[in-house]
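The values are calculated or read from the model by the stated rules, or taken from the named source; none is laboratory data. Model, not experiment: these values are computed from the prediction. A quick note on method: Cβ atoms are made from the backbone with ideal geometry, for glycine too, and the neighbour counts reach across all protein chains shown.
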Amino acid sequence: MEKVLKKLADQLNSLDEASLISLWDKYFEKVQKFTPSREWEEDILVLSLIQSVRWKNQLFNHCLANESQGEKGTPEESVRPVLRDKVKKSGKVLDFRPRE
């Protein structure tokens, strides 16, 4: 399983971000029209992959900028998620819907 995921990541990383981003709107529109089908599942995975490349590049640029500015700490420390309050146990599910 891990080998398959690593190969997929390698292939995805070799693609041009601009070309991928140009497909974002197309797949965003497709997943807005839910159908309980294999095609919809694949479309949402495509959208997620495109978004993951965008996020990876933003994170890479953020870490590179921090490094070039001589900020102390590791990249992991600069992007560490905010810890949640352990007392509060409930979470909020965000709706995924088109912009109005």
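Quick notes
- Search result, residues across the range 34-53 that are in a helix (DSSP H, G or I), at pLDDT 90 or above and among the small types (Gly, Ala, Ser): 48
- Residue list for the range 10-33, filter: loosely packed, with under 11 Cβ neighbours inside 10 Å and assigned to a loop (DSSP other than H, G, I, E, B): 14, 16, 33
- When the range 24-54 is filtered for residues that are among the polar types (S, T, N, Q) and closer than 23 Å to residue 9 by Cβ, the ones remaining, listed by number, are 48, 51, 52.
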